[in-house]
Amino acid sequence: MIRFGSMALEAWHLALIVAGLTAAVWVIWGFTVRVQGTWARVDEGLKVGQTEHICLVQFGPFVRGRRLVPGGFQELTGLLRGRTIWITRRDHGEELIVNQGFPRELVGEIDGSVTAKMKLTLSADGRAIFGSFTPQKIEFTHRPPAITRRVFLEPSFRRYRLVSREIQDPDLAPAKPKKRPLRRTV
């Protein structure tokens with residue numbers, strides 16, 4: 001027990017103070033490390049002509065992101081610990097899930113569930129993030145459509161370079177506006 005005037009602190013008080021200070025330092029540290037922006041994948045796993053961009057936003061150590069893909073989007077959520085981001089990916093969109101080879105009856109079970117994990121580390125110059133990508137294999141039966149097993153596969157290497165600190169998504173170009181016919185008046 002430690003006394004400060006009329007106040008007495010016991011061991012559990014000190015443990016709570018230390019835990020609170022540790023959490024405060026972690027949150028403040030998260031504001032000093034910037035991972036917000038648009039990142040382009042640049043590793044060897046891309047096919048020729050394929051592009052992949054992720055957009056990340058951050059509030060201190062809390063990171064969220066999104067990748068727009070045809071038929072839906074992939075939602076990224078994670079935490080920053082030091083210079084490493086621990087991210088989970090969730091797929092959303094019926095067409096996206098069906099295009100991955102799943103029957104329409106299973107869309108409700110897969111939509112919004114964790115489909116991959118990433119552990120990415122920010123480079124010293126802050127212009128690249130790299131690390132592991134661990135996809136989830138979802139096994140299912142066709143008749144009746146049912147998920148039989150979910151298992152995370154072996155991690156593969158991922159590297160992204162910083163495109164911009166602004167949020168933009170070059171993977172899906174904005175739709176061109178339709179030309180309206182000229183209307184002539186006399």
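Here the gap between Ser123 and Ile28, fully extended at 0.36 nm per residue and compared with their Cα-Cα distance, gives a gain of 32.2 nm. GNM on the chain, alpha-carbon springs under 10 angstrom: the most fluctuating residue among Val114, Val42, Val25 is Val25.
Given just the C-alpha atoms of the chain, how large is their convex hull per residue in cubic angstrom? Before the final figure, lay out the partial values.
Numbers: hull volume 50.2 nm³, N = 186.
Roughly 270 Å³ of hull volume per residue.
Which percent of Cα-Cα pairs in segment 24-64 sits in each 5 Å bin, short to long? Percent of pairs per bin, in order: 6, 21, 21, 14, 13, 11, 8, 4, 1, 0.
Between Glu75 and Glu95, the contour length at 0.36 nm per residue exceeds the Cα-Cα span by 5.7 nm. Divided by 2.2 N^0.38 Å, where N counts the residues, the Cα radius of gyration of segment 11-89 comes to 1.47.
Taking other Cβ within 10 Å of each residue's Cβ, how do Glu10, Glu75 sort, fewest first? Can you show the working numbers first?
On the way: Glu10 9, Glu75 16.
By the 10 Å Cβ count, ascending, the order reads Glu10, Glu75.
Given R0 = 25 Å, the distance between the Cβ atoms of Glu52 and Arg83 translates into a calculated FRET efficiency of 0.70. Return the loop-located trypsin sites (Lys or Arg not before Pro) in segment 1-88 (DSSP other than H, G, I, E, B) with at most 12 other Cβ atoms within 10 Å of their own Cβ; answer none if there are none. Those that pass, being in a loop and sparsely packed, are Lys47.
Coordinate-derived values only; no laboratory data. In this text the structure is predicted, and so the values were computed from the model without any measurement. Cβ: placed from backbone, ideal geometry, glycine included. Neighbour counts: every protein chain shown.
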